[in-house]
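Novice: Supplied in structure tokens, the structure appears directly below.
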């Protein structure tokens, strides 16, 4: 995980990043962990960014599932069981969760090229299976620049 340069305690990891030139689209899957945010301390984010083109100003779509930071031990147990991953002795719980999520990407359980919101919804389902509370969220931003 990478420390957040804003100075808070959020650690973030980009699990998958891709660019589809023909569609003018960037795609990212990210995991954010913040021990100081009791209600939304763990967040999985699916983001699409469409670049501006003639007649289309572009936009961003972000789909997120959150769970309290206190869910971390239950999530680690669930995802290590699901993936069969064995933790290294030096890894903390945040690193273990991140490694499991990266393994899900590597195995193709989370990926680019599936329906919008599907990655977020899969992770939300797994959070529910793990017995932790979930809160789904989404945001959209559209630029009118370059529109005729």
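Just so it is clear, none of the values below were taken in a lab; they were calculated from the coordinates. Keep in mind that this is a model prediction, so the values were computed, not measured. Cβ placement follows ideal geometry from the backbone for every residue including glycine, while neighbour counts extend to all protein chains displayed.
Novice: Using a 7 Å offset from the Cα along the Cα-to-Cβ direction at both residue 137 and residue 118, what is the distance between the two label points in nm, to one decimal?
Specialist: Output for this residue pair reads 2.6 nm.
Novice: Defining a contact as two alpha carbons under 8 Å apart and six or more residues distant in sequence, what relative contact order in percent does the chain show?
Specialist: On the way: 274 pairs, mean separation 37.0, N = 148.
Relative contact order for the chain comes out at 25 percent.
Novice: Stretch residue 52-residue 36 to full length: gain in nm at 0.36 nm per residue minus the Cα-Cα span? Each step should come with its number before you reach the end.
Specialist: Values: separation 16, 0.36 × 16 = 5.76 nm, distance 3.63 nm.
Stretched fully, the residue 52-residue 36 segment lengthens by 2.1 nm.
Novice: In whole Å and largest first, what semi-axes does the C-alpha gyration tensor of the range 2-142 yield when each eigenvalue is scaled by 5 and square-rooted?
Specialist: On the way: eigenvalues 147, 54, 41 Å².
Result for the range 2-142: semi-axes of 27, 16, 14 Å.
Novice: Here is a further query. Divide by every residue of the chain the summed helix terms, -39500 (n - 2.57) for each DSSP H run of at least 4, and state the resulting mean residue ellipticity at 222 nm, rounded to the nearest 500 deg cm²/dmol. Before the final figure, lay out the partial values.
Specialist: Values: 3 runs with 39 residues, N = 148.
For the chain, the value works out to -8500 deg cm²/dmol.
Novice: For the peptides 101-112, 80-91, what is the packing order when you average, over each peptide's residues, the other Cβ atoms within 10 Å and list the highest mean first?
Specialist: Descending packing order for the listed peptides: 101-112, 80-91.
Novice: How far is helix 93-107 tilted off the main Cα axis of the chain, in degrees rounded to 10, range 0 to 90?
Specialist: 60
Novice: Of the peptides 60-67, 127-134, how do they stack up when ordered by the mean number of other Cβ atoms within 10 Å, highest first?
Specialist: Details: 60-67: 20.4, 127-134: 15.6.
Per-residue Cβ counts within 10 Å, averaged per peptide and sorted highest first, yield 60-67, 127-134.
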